[in-house]
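To keep things clear, I will list the structure first and then write my remarks on it.
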Amino acid sequence: MLHRLAWLLLLALPLLSLKCDDDDVIKPPQFEVTIRVTGTDLYGLGAELTVTSTRNILNPSAGPALTESFPTSISQTYPLGTFGLQDRVEASVAFRNVTCNSTLRPASNSKLLVEVLANGLVVGRAELTPTSSGSSFVCSPYWLSTTVGEGDDWD
């Protein structure tokens, strides 16, 4: 019996000598996500940025969120944190005081832009201007444009 145990130990010895270095482990991609917002001539429009995020869209939990209002103009970057392949970020810009039927309208040079950056690269953008249109633009109940980014699209 002792002989068999020694024999098994000798067979297992090469396996025990194998070592997995940290460099050999494949790590899932990580993305440093930031939100960049710029805007001009926003007087009276109720300009606003809203950011929500979801960790692990397969088993969701809330991630970092952000809401900011801008009375006149803005040029700011907000670090949101590190995200992975199964995470999602949604950023919206809105003119809360402008509705489809209101007389208040953005000035001809009004502009509000939000960009989602992953590791410094723009991966999504949404913009509001006096002529906004497109699939991410909604006029009711206020002017709103949204961009969505998911980790599996960022690599």
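Condition first: of a type in the set (Ser, Thr, Tyr) and either modelled with pLDDT of 95 or more or under 19 Å from Thr52 (Cβ atoms) (or both). Now tell me which residues in segment 73-104 satisfy that.
Ser73, Ser75, Thr77, Tyr78, Thr82, Ser92
Name the pairs: first residue in segment 77-92 and farther than 14 Å from Arg125 by Cα, second residue basic (Lys, Arg) and surrounded by 16 or more Cβ atoms within 10 Å (Cβ to Cβ), Cβ to Cβ under 6 Å, at least 6 apart or on different chains?
Asp87/Arg55
In the set Phe31, Phe70, which member is among the aromatic types (Phe, Trp, Tyr) and within 24 Å of Asn119 (Cβ to Cβ)?
Answer to the selection: Phe31.
With the structure loaded, tell me whether Val98 is assigned to a strand (DSSP E or B) and of a type outside the set (D, E, K, R) or whether it fails that test.
Considered against the rule, which asks whether it is assigned to a strand (DSSP E or B) and of a type outside the set (D, E, K, R), Val98 comes out as no.
Does segment 76-92 contain at least one residue that is more than 30 Å from Pro28 (Cβ to Cβ), among the hydrophobic types (A, V, I, L, M, F, W, C) and touching a strand residue (DSSP E or B) at 6+ places or on another chain (Cβ under 9 Å)?
no
List the number of the failed condition for Ser135; all other conditions in (1) crowded, with 17+ Cβ neighbours inside 10 Å; (2) without any contact (Cβ under 8 Å) to a residue 24 or more places away in the chain hold.
Result: Ser135 passes all but (1).
Could you tell me which of the residues Leu49, Leu45 is under 19 Å from Thr77 (Cα atoms), at pLDDT 55 or above and among the hydrophobic types (A, V, I, L, M, F, W, C)?
Matching residue, one of Leu49, Leu45: Leu49.
Quick one: in segment 121-132, which of the residues that are out of contact with any Leu (no Cβ under 6 Å at 6 or more places or on another chain) and either β-branched (Val, Ile, Thr) or buried (at least 16 other Cβ atoms within 10 Å of the Cβ) (or both) is nearest to Ser110 (Cα to Cα)?
Only one residue fits best here, namely Thr129.
The values are calculated or read from the model by the stated rules, or taken from the named source; none is laboratory data. Since this is a predicted model, take the numbers as computed values, not measurements. Positions of Cβ are generated from backbone atoms using ideal geometry, with glycine treated the same way; all protein chains shown enter the neighbour counts.
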